[in-house]
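Reading through the structure tokens given below for one structure.
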Amino acid sequence: MSTAVVQYDLDGEIGILCIDNPPVNALSHAVRAGIMAALDQARVDASRLLLVVCAGRTFIAGADIAEFGKAPQEPGLPAVIAAVENFPKPVLAALHGNALGGGLEVALAAHYRCAAPDTRLGLPEVNLGLLPGAGGTQRLPRLVGVEPALDMMTGGAPIAASHALELGLLDHLLEGTDVRSAALGYGRQLLARGAVARPTGARILAAPLTADFFDNYRAAIARKSRGLIAPGYIVELVEFACRHDIDRGQALERERFIECRNSPQSAALRHVFFAERACAKLTGIPVNTRAVPVKTVAVIGAGTMGGGIAMCFASAGIPVTLVETSRENLDRGLAVVRKNYDTSVRRGRYSQQQVDAILANITGTTEYADIAGVDLVIEAVFENMAVKQEVFRTLDATCKADCILATNTSYLDVNAIAAATGRPQQVVGAHFFSPANVMKLLEVVRAEQTAPEVLLTFMQLAKTIGKIAVAVGVCHGFVGNRMLKGYARQAQLLLLEGASPEQVDGAMEAWGMAMGPLAVGDLAGLDIGYRSRRDQGLESRSAKESALADTLVEMERLGQKSGAGYYRYDPATRARHPDPQVAALIEDIAARWQVSRRAISDDEIVDRLTLALINEGAAILAEGIAARPGDVDIVYLNGYGFPKWRGGPMFHADSLGLATVVDKLGALRELTADPCWEPAPLLVELAGEGRTLASISR
Ligand code: 3HC
Ligand code: NAI
């Protein structure tokens with residue numbers, strides 16, 4: 001017996017080192033120390049082979065991420081791993097669940113590896129802005145070859161045990177459900193075969209056949225790794241492993257790892273890891289709240305969103321009925337759904353057989369009576385309060401009493417929609433993003449009377465259909481679209497003040513946004529905002545910040561779908577090109593609104609757009625519309641293309657320092673006299689106390 005989190009026992013000729021550090025057996029300091037103590041014991045006892053196993057639901061899922069950023073404590077992971085690899089008796093690692101990061105690195109240092117068939121093996125450090133820092137970049141290629149190792153480390157996705165066996169990463173797949181006893185059996189076989197210690201690090205790694213392999217690989221991953229430092233280092237380290245021994249390789253790896261670990265982008269990505277997990281936890285609901293089962297679903301409206309939402313459920317194996325006003329609309333909606341699935345078959349995402357099974361989960365009807373027995377209804381009809389309330393009255397009269405009624409409204413008051421029913425506690429907002437079958441984000445809108453079990457059900461259901469759900473309160477645009485308003489407005493003002501569409505988009509894309517604001521407008525369709533302004537009773541071109549967009553729509557420049565918007569689009573490639581006609585139009589509108597034009601720097605563009613997000617985000621937090629700053633970040637990262645490695649707008653505010661943020665806002669307020677720059681009181685308060693937004697996390 002060593003420590004509570006690591007136990008050591010002798011079973012005949014096999015010493016068993018068992019790690020028991022729930023929930024995921026992360027390699028905390030106590031685990032590392034425990035492994036060292038168990039190795040000392042095993043070194044001198046009668047054992048002839050050492051088996052490393054884990055208790056609970058998984059093998060080691062990696063280093064303890066919560067320890068990064070704190071003072072390191074000896075023994076460090078590289079020392080533990082060296083002790084495993086240099087152990088004089090054969091070491092067998094038996095994996096189950098997930099063997100990830102430092103966990104897989106422990107297994108790589110073992111001399112033999114076996115696993116339960118459903119194990120997933122990976123080096124996902126890159127997702128945390130890191131590279132494998134305990135020998136992974138040096139040992140993985142020595143076991144599986146250069147290219148598969150690079151793919152696993154730069155991609156970060158885990159692989160299945162069967163694939164790992166093919167690659168030579170595993171020696172054996174275990175049978176049965178008892179990993180420990182199956183591994184003991186395999187260990188005895190190894191001893192019977194005369195197995196000896198065989199350090200992975202001693203292997204010689206053959207260099208790839210072509211001299212330009214590594215340069216080509218770097219070029220191939222350049223787009224995906226835009227802005228990140230770790231992927232380039234991973235390629236460098238594997239290239240180094242082809243030329244040098246493991247000791248030199250590990251020394252360089254350590255240096256690069258520490259640089260990555262101390263980088264702002266790794267701090268941001270670690271924040272994202274914990275924020276994603278925190279946002280799944282609802283605040284302010286009784287602890288005994290239970291989700292209710294959802295076995296059947298109906299979606300009202302088979303338009304852009306309804307069809308996509310139906311696909312989410314059907315793909316997850318949940319039967320869904322689409323309801324439309326006419327057979328014609330229904331057929332049109334179903335045809336789009338089928339076309340989308342055909343595309344996924346063509347791209348190899350699904351087989352035809354899988355798609356046939358998924359499509360069998362979707363039925364259509366024009367009769368509300370057909371959905372009387374479903375567990376959940378999601379309404380996705382036109383964005384119009386009267387239409388939505390009418391639909392909810394019908395649902396209330398038709399659906400069983402405990403049916404959950406959700407609305408996909410983008411902006412409307414969910415309380416007013418709930419009030420159209422006699423069961424407001426069953427009504428919730430479910431704001432999917434377009435295209436609904438692709439976008440990960442789901443804002444779950446908590447109305448005044450939404451029951452806790454309804455909220456919890458939706459949060460859990462979101463996970464089932466592969467979404468990242470964030471609970472938000474009721475306000476115009478909820479979290480994401482409300483923040484987008486100020487951001488988009490700044491983009492328009494910058495155009496009038498002297499920037500070009502390509503400069504605004506270029507600056508934001510260089511900063512890390514997936515797409516600049518104007519290109520996003522063109523992609524979504526400029527008519528959406530135009531219609532929404534008209535529905536709000538705003539006259540066309542009546543505001544400075546919408547004059548350009550209104551004019552473009554009235555010129556039938558709706559964006560990509562009409563071949564032109566802020567840009568002109570190549571019909572074949574969809575590549576965007578600056579359009580002199582738009583440049584002239586901008587100058588015209590600026591003159592009409594008496595906006596004097598000047599040279600605008602890229603820094604000003606980035607500052608104004610990100611500060612607009614930060615200021616509104618802070619107001620949202622103060623109002624309790626989002627529970628935690630991390631929740632706001634998760635919305636922006638998953639719904640609006642904000643760069644993950646910047647952590648989200650709220651994390652970015654903390655990185656800048658709230659005092660700096662308040663100063664910048666104040667300066668803009670003075671310069672422009674625009675009330676939008678009045679610093680949010682929460683920012684002023686926290687900055688005054690020298691605190692961060694993160695400090696208000698619940
Ligand atoms: N360190 C610290 N905490 C961790 C952790 C880790 N490596 N992995 C998971 N946790 C925590 C989570 O924060 C969560 O805590 P909470 O309950 O308080 O919210 C809890 O464990 C359960 O995690 P999940 O909710 O994610 O559980 P799932 O079952 O959905 O997923 C998992 C399990 C696939 C293991 C997932 O947690 C995961 O991907 N973990 C991270 C794996 C990883 O990135 N490893 C590499 C770490 S870096 C490293 O090893 C560096 C090395 O090269 C030196
Ligand atoms: P859409 O116009 O593409 O589809 C609406 C569909 O609802 C049409 O097919 C229409 O025939 C049908 N419909 C209208 N009244 C109906 C009724 N009483 N019963 C059954 N069907 C009815 O609209 P879209 O874009 O799908 O939007 C739907 C909702 O989703 C709106 O509330 C919108 O704000 C919201 N939303 C839209 C997003 C987008 O990007 N399009 C993104 C997120 C939310």
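Of all residues in the range 308-325, those being open to solvent by 10 Å² or more (accessible area, probe 1.4 Å) and touching a Leu at 6+ places or on another chain (Cβ under 7 Å) number 1. If you go through the range 418-437 and keep only what is of a type in the set (Val, Ile, Thr) and either within 16 Å of ligand 1 (Cβ to nearest atom) or surrounded by 24 or more Cβ atoms within 10 Å (Cβ to Cβ) (or both), you end up with Val427, Val428.
Under the condition of being of a type in the set (Asp, Glu) and part of a loop (DSSP other than H, G, I, E, B), the residues counted in the range 1-54 number 3. Scan the helices (runs of 4 or more DSSP H) fully inside the range 573-661 and keep the ones with 2 or more residues being surrounded by fewer than 22 Cβ atoms within 10 Å (Cβ to Cβ) and charged (D, E, K, R). Correct list: 580-592, 602-622. Checking Leu150, Leu123, Leu131, Leu92 one by one, the residue that is more than 15 Å from ligand 1 (Cβ to nearest atom), within 21 Å of Leu228 (Cα to Cα) and buried (at least 24 other Cβ atoms within 10 Å of the Cβ) is Leu150 and no other. Taking the listed residues Leu395, Leu412, the one that is away from ligand 1 (no atom under 16 Å from the Cβ), of a type outside the set (Lys, Arg) and touching a Cys at 6+ places or on another chain (Cβ under 9 Å) is Leu395, with no other qualifying.
Residues that are on the phi > 0 side of the Ramachandran plot and in the same structural domain as Ala436 (by TED's automatic domain parsing) were ranked within the range 272-320; the one that is nearest to ligand 2 (Cβ to nearest atom) is Gly301.
Summed over the range 338-376, residues that are assigned to a helix (DSSP H, G or I) and within 12 Å of ligand 2 (Cβ to nearest atom) total 2.
Go through the range 265-290 and give me each residue that's more than 18 Å from the chain's Cα centre (by Cα) and loosely packed, with under 15 Cβ neighbours inside 10 Å. The answer is Thr283, Gly284, Pro286, Val287, Asn288, Thr289, Arg290. Residues of the range 78-95 that are assigned to a helix (DSSP H, G or I) and closer than 26 Å to Asp118 by Cα: Ile81, Val84, Glu85. Being surrounded by 13 or more Cβ atoms within 10 Å (Cβ to Cβ), within 11 Å of ligand 2 (Cβ to nearest atom) and in the same structural domain as Lys400 (by TED's automatic domain parsing) is a description that does not apply to Glu328. Would you pick out the residues in the range 516-547 that are buried (at least 16 other Cβ atoms within 10 Å of the Cβ), assigned to a loop (DSSP other than H, G, I, E, B) and out of contact with any Asp or Glu (no Cβ under 6 Å at 6 or more places or on another chain)? Gly525, the sole residue that qualifies. Any residue in the range 55-66 that is within 16 Å of ligand 1 (Cβ to nearest atom), assigned to a helix (DSSP H, G or I) and open to solvent by 10 Å² or more (accessible area, probe 1.4 Å)? Scanning the range 55-66 turns up at least one residue that is within 16 Å of ligand 1 (Cβ to nearest atom), assigned to a helix (DSSP H, G or I) and open to solvent by 10 Å² or more (accessible area, probe 1.4 Å).
The values are calculated or read from the model by the stated rules, or taken from the named source; none is laboratory data. Just so we're clear, the structure is a prediction, and the values are computed from it rather than from any experiment. Note that we place each Cβ from the backbone using ideal geometry, even for glycine, and neighbour counts take in every protein chain shown. Calculation scope for accessible area: heavy atoms of the full protein, side chains included, ligands and nucleic acids excluded. Shrake-Rupley method; radii C 1.70, N 1.55, O 1.52, S 1.80 Å.
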